[in-house]
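Single-structure report; data block below.
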Amino acid sequence: MAEFRFLHAADIHLDSPMRGLEADPDAPVRRLREASRAAFRNLITTAIEEKAAFLLIAGDLYDGDWQDYRTGLFLIEQVGRLAEAGIPLIMVAGNHDAASVITRHLRLPERVSVLPHDRCGRIELDEYGVAIHGQSFATRAVTQDLSRNYADPVPGLFNIGLLHTALNGRPGHDTYAPTTAAALIAKGYDYWALGHVHARETVCRDPWIVFPGNLQGRHIRESGPKGASLVTVRDGRVATVAHRPLDVLRWCPLSVSLAGETDFDGAMARIGQALLELRREAEDRPVAARVRLFGATPLHGELLGDGERVRQGVIAESRQCGADDAIWIEAVVVDTVAPADLATLFERPDVIGRLGAVLDELIREQGADLLGEYPERLRQRMSGIELAAEHPLREGGVALLRKARDLVLARLAGEI
Amino acid sequence: MRLTAFALENYGNFESVRLSLDPLPGHINLIVAPNGGGKSVLRQAFRDLLFGIPGQTRMAFRFGYAGMRLFAEGIDGSGAAFAIGRRKGLGNTLIDGAGNSLDPRVLKGLIGEADEALFERLFALDSHLLRSGAEAMLASGGDLAEALFAAGSGIAGLRRLRESFESRRDALAPERQTRSRPLYQALAALSEARAALRAATVRPRDWEELQSKCDCARDRRAALAREQAAGQAAIARLQRIKRVRPWLEQWEAAQRELAATEAAPRLPADTGRRWREAGEAVRLAALERRAAADRLDSLLRELAAEEPDEGLLAAGERIDALERARDRIAADHRDLPPHEAESRQSAARLAALLRALGAETVAEILAIAPNGPQVAAARELIKRSEVLAERLRNAEAEAARTEGEIAAATAERERLGEGVDTGDLAALVEEACADGDPGRRLADLEARLAHEEARLAAAFAKVPLWQRDVEALAAVVPPTRHRVDDAAAALDAASGALAEAEREIGRLRQDREAARERLAREREGGPVPDAAAIAAARRHRDHGWALIRRSKFEGEALAAEIAAYAGALGLAAAFERALDEADRLADRREQESRRLARIAEQQRILAAREKELAAAEERLAAAHEAHREAAREWAALTAGLALAGTAEASGVLEFLAAREAALEARAARDCARHAVAAERARQEALRRRLAGLLPAAACPSLAAALAAARRVIGRCEAANRERAQLEATLKTLEHRHRQALCEREAAQRAMAEWRREWRECLAALKRPPAETPAAVEKAIALIEEVHREHEKLAELERRICGIKRNIADFAARVADVAGAVAPDLVHQPAEAAAAELRRRLAGNREIAARRAGLRGQERDARAKLAEASVRHARAAATLEALRREIGGGCEEEIADRIARAERRRTAEAELHGIEQKLAEIGDGWPIDGLRAEVAAVPPEAVDAELARLQLEAERLSSEREEAAREEQRLSDELRGIGAGEHAVAAEERRQAAIAATTRISAEALLYHAAACLLQQAVARLREVGDGGLVRRIGEVFARITGGAYAGVAVDEDDQGRPFLIAIEADRTATKRVEQLSEGTRDQLFMALRLVMLEDYARKAPALPFIADDLLQTFDDYGRTENALAALADLSHHAQVIVLSHQRQLIAAARALPAGTVNVCALAA
C-alpha cells in the first residue's frame, strides 16, 4: 500500500484523577471525573474517523496502584469499538501496567496484541507492509536497556519500535528502560513510538523518534494541549507526524501582573481579562487554571492578608468567562511584592522603622524556630498527604516568614 | 523647624490673620479661641502649609480658591531664618514670602523625611488620640513595648493586629481539633473519601467470581425453563382433551336436532317481533287521534270568555307618557321655593361688589370683559415686571464679579513669567530609565550576582567526594554520562541479577524442603497392601465358601479341612471373617491408590525442584562472576576522577550531577559579574551626559542626576501647565465679562419699554395713572367676580320660569285624556287622575295578552289532530304488508309458521355455537382431529395423569423461580457494582480534599507566622524601653502629676514580659496601669508621647508639635499647669503650639515663669 496512517499514543493512565482541584459545588463533577475516559474515547473515535491502519500504545494504560476493575471493563468496551472498525491495537506494558492488578486479570479482545515481556516480540501487518517490534515491562522498575533486545529491522518492511522508556532521563520521570537516541537511531527502524514521558517531544526526525505525551493532563505540571500523534506513511517513509489534541480539560498556569494596581476591583478586572484570554486560547475546552499574581502593588498586603477573599474573587471572575464550567480555578498564588514605599518604612526614625528592622533581624536569626510547634502539629494532622515542594510545611519556613513580614508591614502601612 | 509667624489668607473662615509665634526653646505658644473660632482650621492650615493644600479642600467655603494663601516665617535647625508659603494650585505650590515659587528641597531641608501621615500621627495630638492611646495602654496591661509603640507611632492596634492574625489562623485551622473549621472539615472529607474509595473499588478477582456465578445461574434457569416448557405442553394436551370432550358430545346432539326440523319454513329471526309490533302500532295511533280532537274543543271554549276595553287600549301611549311626567312634576313642586330664595341673595351680593368697585350700574363693569385684551395685557405686564427686575440685578452682579476675577488672573499670569524648554533633559532621562529605574536595575543585578555567588557556593558545597577548589573541579575530564550510565547500569544489573539469583536459590531451596516435607507426610500413612495380599485374602475367602458348599450342599465329609480352615471358630464364622478381610483389603487398596498417586506426584515435584536448584546454583555462580567483572569495570572508570573516598555507583552519579550543577552555577555567576560591570559603565556614561545639562554639583551620582533632572523637568512642566491654565481661564473670564455688560444693557432697555406699556394699560382699564401692579391685580379680581355673580343671577331666574310652565302643561294634558276615555275622572286633581288612568290601562292589557296566548294554542291543537290521523293510516298499511310476507291467512296460521321457523333457526344456531366453541378451546385443531385425540385417551386416565404432571410443573416452576431470583440477585449485584459510586469519583473527592487541606494549611501557616513575628518583634521592641527612656518617662510623668507620682518603673509578668508601673510619691507603693484613674492614665500616655517626640527629635529634624485641646481632660488645675511646664520642656526639642478653647489656660500659664507662654487670642 502506497499510503497509510496510524495513531501513536502513550501514557493513557485511565481513570487517573485530576489533582489539585478543590471540590466546587458549581462544577460539573462528571466531566471532571471522566476526563481520562473521555480523552480515551476521543482517541478511539479519531482512529476510526481517520481510518487508521492500526493504533499503537507505548505503555501505561493504567495507573499502577489503581485496582478498580471497572477501568478494565471500560477499556474493553472502547477497544471493542476499534475491533468493530477492523483496526488492530498493538501495545507494550509500561511500568504502571506491570504493577497493575487489572492487567493480570483482564482478557483483552481479539485484534489487541500486547507484546511479550520476556523477549522482544514482533507483529507483521502484511496488508500495510509493517513490522512492529516491542517488549513490555515485566516489573515496575526495569533498569536495563530493553532496546538492546530489539531485533534487526525486517528488510522491505516499514519497521516500528514500540518502547516505554525515559531515554537518558527526563525531569520528573523515573529513568526506566534507559537508552539513548543514538542507540535507537542505530537500530535502523523507520519510526520509534515511545512512551513514559508526559511532555510531547520529537526527539529526532531521521528516523522519527517521538514521545506523543500523555493523553490528558491531570495536574498543573501537565499543562497545555495533550493528545496523540497521527503518523502518515507514504511509499515506505514517514511523510508527516501531526499532533492531535484529544484532551477534554486543559491545565494552564496563568500569571497576571498587578503592577501599580491600587484597587481590589481593578485587580479582579485585570484577572478577569487574562482569564478571558486564556479561555480563548484553550480551543473551547474547559480550563483548570493556576492563577499567579505578581508585580509591585499597594494591594500586596490586602492580597496576602485575605487569601480566601482573593480566591473567591478570582473564582467569581472565572464564572464570567462563558459557560459555568469554562474555567475552574485550581489555585491562586500571591507572588506580588510591596511597592517601593514599603521599603522606606525601614528608614523612618520612629518606632515603625525600628519594627521593620526587628522583623528582618528575627527572620535572619531565628528562622523557622519562630513558628513554634504549630507547623509540627499541622504536619501530624496531615500525615499521609504528600505535599508539594513549595508548601510551607516542606520548604522549611523562611519563604513563609518573608511573606508574613510583608503582610505585617503592609497592614501597618495601611494604618499609617 | 520653628515658626516665628504664621499667616492665613482667604483660608477657612479667615480672610487674613497673622499669628506671631515664639520659636525659643523653653517657650510654648498658646492659641486661645472659642469653640467654632477656627482652631480646627488652624490645625489644618499647619498641615496644608507643610504638605500642600488638597485639590478639594473644605477651606474654600467662604472665600473660594482664589487668593487662598498660607505663609510661615521661622528658623531652621541651624538658626537660619526662612520664609515659606503655600498657595492653592497644581504642581509645586510651595512659595516664598513674596509669593514666588520655591524649590521643594527647601522644605525637605526643614522637615527631613517626615510625611503627612507621620505629622498626623506623631506631631498632632488631640484629646481623642490621647484617650485612645491611654485605652490601648490599658488593654495591653501597660505592656512596655506596645505602649511605646503606640506613643511613638500613633498606632494603637499592635496587639489587635496580632490578635487578628491569630483569629484568622484559628478560623481556618486551630490547634485544637474543631469540626466546624475548614481544615478539619477538609480532613474529614479526606477520611470519608478514602473510605468511599475502599468501598467503591471493585477488585478484578471479586468481579470475575461474581460474573462466573451469574453465568451459572443463567444456565440453570435456562435448563429449567426448557424442562418446564415440555411439561406444560403435556398438561395443555390433557387439559384440551378434558375441555373438548363434553362439547363434542353436544355437537353430535345438535346434529340430530337439525335433521328433525328440516321441513320448517325459513323466516327472518325478527318476524315474530315485527308482527307483534305492527299490531300494537295500529292501536296506539287510534288513541292519539282521539285525544287531539278533545283538546281542540276545550280551547275554543276558553277563547269565548276573554273580551278587553279597546278604547282604553288605544289611548295607552298617552297614558304612559303622563305616568312618566308625573315624577318630574312632583320634583318641580319641591324645587320652586329654594330657587326663589337663592335668587334674592345673589342680587344682594352683586350690589355689594358694585359698591366696592365704585360703580353705580352693572353695565359699567360688564363693559370690561375678564378675558378681554385690556386685562390680559395688564397681567402680562405685571409678570414681566418681576422678571425684568431680577435680570437687571443679575447682569450687574456678574459684570462686577468677572471684572474682579480678570484682574486677579492677570496679576497671577504676570507673576509666572515665560516658560523654559526641557526637551533634551527629558529625552536623556527617558533613555536612562528605558529599562526601569537604573538604581534598582543595578541593585537587581548586584543582588543577582550575590545570589549567583551564593548559589555557586551552595552548589559547590553539594559536590560529594571532592576536596579541591572549583577551578580544579572544572578541570576534571569526567567520563561521558553514557559510559557512566552503561557501567552503572551494568553493575546495577549484575548486582540485581546476583541478588535475584540468590533469592531464587533461597526460594528453590524452600520449595525443595517443602516438597520433601509433603512427601514425608504422605509416607507416614504406613505400607500399602499389595495385589498379592489381596489375592491371598480372596483365595482364603473362596476356599471357605468351597468348604461350605461341599459340606452343606454336596454332603462331603470335610471335618479335617474345616478344622484346618476354621479352627475353633467354626466354618461359618471363619468364612465371614475371611469375607470381611478380603473386602477390607480391597477397600484399603483402593484408598491407598489415591495416596500413592499423591506420593508419586510429590516425588516428581521433588525431582523437578532438585533439577531447578542445580540450574539455579549454576546461574548464581555465573552471576557472581558477572558481578565481579562489572565491579572491575566500574573501578577502572572512576579511577580518573580523583575522588576523595570510595566511589559507589550512586556516589559517582551524584558527583557528576553535582559537578554539572556547580559548573552551571559558575557560568551563571560569571555572566552576572559581566552584567554588573556593563551596567555600571552604562550608568556612568549617562551621568556624564546629564552633568552636561545640569549643575555639576547636582550630579554626584546617576541617581542624584536623574532626581535633579526630574525636579527641573517637573518644575518647568508644572509652571507651563499653570501658565496655560491661567491663559485659558483669562480668556474665559474676558468672554464672560463682555457677555455680562451686554446683558446689563439689554435689561435696562427692556425695563424702559415695560414702563411705557404699563401707562397705556392703566388708561385702558380706567385706573388711576399711579396705581401699582399689585392694586391693579386686585381690581381685576373684583371685576371677574362681578361677571360671575351677574351670570349666576340670570340663570336662577330662567330656572324659576321654566318650573312654573311645566306644572301648567301637565294639568292640561291629564284633562284631555280623561275626557276621551274616562269622563268620571275629569274633575279630579291632575296627579291622582293620571294614576287611576294608569291602573285601568294595566288591567285591560293583561286580558288582551291572555287572549293572544289562547289563539296560538288553538293553532297547535289543529295541527296535532291532522298528524295523528296520518300516522294511524300508515300503521294499518304496514300490518297488512307483513301479513302478506308471512304467507297470509288468519292469525293462528301466521303464529304456527313463525313458531316452526324459530325452532329450525335455534337448532342451526346451537350447532354453529358449538362449533365455534370447539374452535375456540380446541387450540385450532379441526373437529375430526379433536375427536381422534379424545378417543385416544380414556376419560378415567386423564385426571390422574394431569395431577401428576401439574405436581411436576409446580416443582419445576418453583425451582425456576428460585433460579431466576438467584440470577436476578447476582445480576443486580453485578449491575449495582457497575452503577454504584465509581472509585474514580471517590478518588476525585479524595484529591479535592487533599487540595483543600493543602491550601487551608498554607494560609493558616501564613497567619500564624505573621502573629509569631509580631509577637517576637514586640518582645524585641521592649529593648527600646531601656533604662534611660523609662527614667525620662518617669520624670515627665512626675512633672505632669506634680509629684503625686515619683515616676515609672518596669516590672515583669509571669511570662517575663515587662510592663509599666507608676511609682507613688512615697517611692515605695506602685500601681499598675489598670489601677490608675482615667485622667492619670491620660497623663501617663502624654508623658510617653512627649518622650518619644524627644527621641525622634534626636534622630531627625522635628516638626512643630500641635496640641489641640489636649488639656481639657485634665480636671486638676495643678496638673494643667504642670502639663504646660512639661510642654515647655519639650519645646527644647520641638516647637510647641497649644490650641485651646479654655481661657483659664491663660491663668494657668501665668504660673509659669514670665515669658514662657506666648498667648495669642484668635479671632476670625
- Message: Looking for something of a type in the set (Lys, Arg), surrounded by 15 or more Cβ atoms within 10 Å (Cβ to Cβ) and more than 60 Å from the chain's Cα centre (by Cα) - is there at least one such residue anywhere in region B:315-330?
- Response: yes
- Note on the structure: For region B:170-181 the number of residues that are open to solvent by 30 Å² or more (accessible area, probe 1.4 Å), in a helix (DSSP H, G or I) and within 9 Å of chain A (Cβ to nearest Cβ) is 0
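Checking the condition farther than 30 Å from B:Glu310 by Cβ and out of contact with any helix residue (DSSP H, G or I) (no Cβ under 8 Å at 6 or more places or on another chain), which residue from B:Ala812, B:Ala781 passes?
Step by step, each of B:Ala812, B:Ala781 is checked, and only B:Ala781 is farther than 30 Å from B:Glu310 by Cβ and out of contact with any helix residue (DSSP H, G or I) (no Cβ under 8 Å at 6 or more places or on another chain).
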- Message: Condition first: in a helix (DSSP H, G or I), within 14 Å of chain A (Cβ to nearest Cβ) and of a type in the set (A, V, I, L, M). Now tell me which residues in region B:101-116 satisfy that.
- Response: B:Ile111
- Query: In region B:156-164, is there at least one residue being without any contact (Cβ under 8 Å) to a residue 40 or more places away in the chain, outside any helix (DSSP H, G or I), surrounded by fewer than 22 Cβ atoms within 10 Å (Cβ to Cβ) and within 11 Å of another protein chain (Cβ to nearest Cβ)?
  - Reply: yes
- Query: Of the residues A:Ala399, A:Ala389, which is part of a loop (DSSP other than H, G, I, E, B), surrounded by fewer than 13 Cβ atoms within 10 Å (Cβ to Cβ) and within 34 Å of the chain's Cα centre (by Cα)?
  - Reply: A:Ala389
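Can you go through B:Ala139, B:Ala98 and tell me which one is away from every other protein chain (no Cβ under 12 Å), of a type outside the set (Asp, Glu), surrounded by fewer than 19 Cβ atoms within 10 Å (Cβ to Cβ) and farther than 28 Å from B:Leu1005 by Cβ?
B:Ala98
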- The number of residues in region B:1065-1103 that are crowded, with 18+ Cβ neighbours inside 10 Å, hydroxyl-bearing (Ser, Thr, Tyr) and either touching a Lys or Arg at 6+ places or on another chain (Cβ under 8 Å) or under 16 Å from B:Gly1034 (Cβ atoms) (or both) is 1
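Given the residues B:Ala707, B:Ala677, which is the only one that is aliphatic (A, V, I, L, M), open to solvent by 20 Å² or more (accessible area, probe 1.4 Å) and under 53 Å from the mean Cα position of the chain (by Cα)?
Being aliphatic (A, V, I, L, M), open to solvent by 20 Å² or more (accessible area, probe 1.4 Å) and under 53 Å from the mean Cα position of the chain (by Cα) holds for just one of B:Ala707, B:Ala677, which is B:Ala707.
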- Mind counting the residues in region B:125-136 that are away from chain A (no Cβ under 14 Å), touching a residue at least 12 places away in the same chain (Cβ under 8 Å) and surrounded by fewer than 20 Cβ atoms within 10 Å (Cβ to Cβ)? 4
- Tell me which of these B:Leu248 doesn't satisfy, since it passes every other one: (1) open to solvent by 40 Å² or more (accessible area, probe 1.4 Å); (2) touching a residue at least 40 places away in the same chain (Cβ under 8 Å). (1)
- helices (runs of 4 or more DSSP H) lying entirely in region A:16-117 (those with 1 or more residues that are more than 14 Å from every other protein chain (Cβ to nearest Cβ) and buried (at least 18 other Cβ atoms within 10 Å of the Cβ)): A:35-49, A:69-84, A:95-99
- Is there a residue in region A:222-234 that is of a type outside the set (A, V, I, L, M, F, W, C), open to solvent by 40 Å² or more (accessible area, probe 1.4 Å) and more than 16 Å from the chain's Cα centre (by Cα)? yes
- B:Glu120 is checked against (1) modelled with pLDDT of 85 or more; (2) open to solvent by 10 Å² or more (accessible area, probe 1.4 Å); (3) not polar (S, T, N, Q) and fails just one. What number does that condition carry? (1)
- Do you know which of the residues in region B:1-40 that are among the acidic types (Asp, Glu) and either part of a loop (DSSP other than H, G, I, E, B) or at pLDDT below 90 (or both) is nearest to the chain's Cα centre (by Cα)? B:Glu15
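Quick grid of which residues meet (1) at pLDDT below 85; (2) among the small types (Gly, Ala, Ser):
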| site | (1), (2) |
| --- | --- |
| B:Leu663 | no, no |
| B:Ala672 | no, yes |
| B:Ala675 | no, yes |
| B:Glu684 | no, no |
| B:Ala697 | yes, yes |
| B:Leu706 | no, no |
| B:Ala709 | no, yes |
| B:Arg715 | yes, no |
| B:Asn720 | yes, no |
- In this structure, is B:Arg975 of a type outside the set (S, T, N, Q) and more than 10 Å from chain A (Cβ to nearest Cβ)? yes
- Query: Which condition breaks for B:Ile53 when tested against (1) assigned to a helix (DSSP H, G or I); (2) under 19 Å from B:Ile95 (Cα atoms)?
  - Reply: (1)
- Message: Among the numbered criteria (1) under 22 Å from B:Gly133 (Cα atoms); (2) touching a residue at least 12 places away in the same chain (Cβ under 8 Å); (3) under 59 Å from the mean Cα position of the chain (by Cα), which one does B:Asp1129 miss?
- Response: (3)
- Task: Could you check how many residues of region A:158-178 are assigned to a loop (DSSP other than H, G, I, E, B) and open to solvent by less than 50 Å² (accessible area, probe 1.4 Å)?
- Result: 7
- Task: Taking B:Val202 as meeting all but one of (1) touching a residue at least 12 places away in the same chain (Cβ under 8 Å); (2) assigned to a helix (DSSP H, G or I); (3) within 12 Å of chain A (Cβ to nearest Cβ); (4) over 30 Å from A:Glu302 (Cα atoms), write down the number of the exception.
- Result: (2)
- Can you give me the number of residues within region A:119-148 that are away from chain B (no Cβ under 14 Å) and open to solvent by 60 Å² or more (accessible area, probe 1.4 Å)? 5
- Under the condition of being under 10 Å from B:Val244 (Cα atoms) and not charged (D, E, K, R), which residue from region B:915-943 is most open to solvent (accessible area, probe 1.4 Å)? B:Ala919
- Task: Just need a number here: residues in region A:370-394 that are more than 10 Å from every other protein chain (Cβ to nearest Cβ) and either acidic (Asp, Glu) or touching a Pro at 6+ places or on another chain (Cβ under 7 Å) (or both).
- Result: 1
- Please work out which residue is farthest from A:Trp251 (Cα to Cα), limiting yourself to region A:301-339 and to residues that are open to solvent by 30 Å² or more (accessible area, probe 1.4 Å) and part of a strand (DSSP E or B). A:Val337
- Task: Report yes if B:Gln968 is surrounded by 12 or more Cβ atoms within 10 Å (Cβ to Cβ), within 14 Å of chain A (Cβ to nearest Cβ), at pLDDT below 90 and assigned to a helix (DSSP H, G or I), otherwise no.
- Result: no
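Quick check on this structure: which one of B:Ala195, B:Ala263 is small (Gly, Ala, Ser) and open to solvent by 60 Å² or more (accessible area, probe 1.4 Å)? Let's see the steps before the verdict.
Working: B:Ala195 fails: open to solvent by 60 Å² or more (accessible area, probe 1.4 Å).
Answer to the check: B:Ala263.
Please work out if B:Gln1016 is open to solvent by 10 Å² or more (accessible area, probe 1.4 Å), part of a helix (DSSP H, G or I), farther than 30 Å from A:Arg70 by Cα and within 9 Å of another protein chain (Cβ to nearest Cβ).
yes
The values are calculated or read from the model by the stated rules, or taken from the named source; none is laboratory data. What you see is a predicted model, and the numbers here were worked out from it, not measured in a lab. FYI the Cβ positions are ideal-geometry reconstructions off the backbone, even for glycines, and counts take in every protein chain you see. Only protein heavy atoms, including side chains, enter the accessible area calculation; ligands, DNA and RNA are left aside. Shrake-Rupley method; radii C 1.70, N 1.55, O 1.52, S 1.80 Å.
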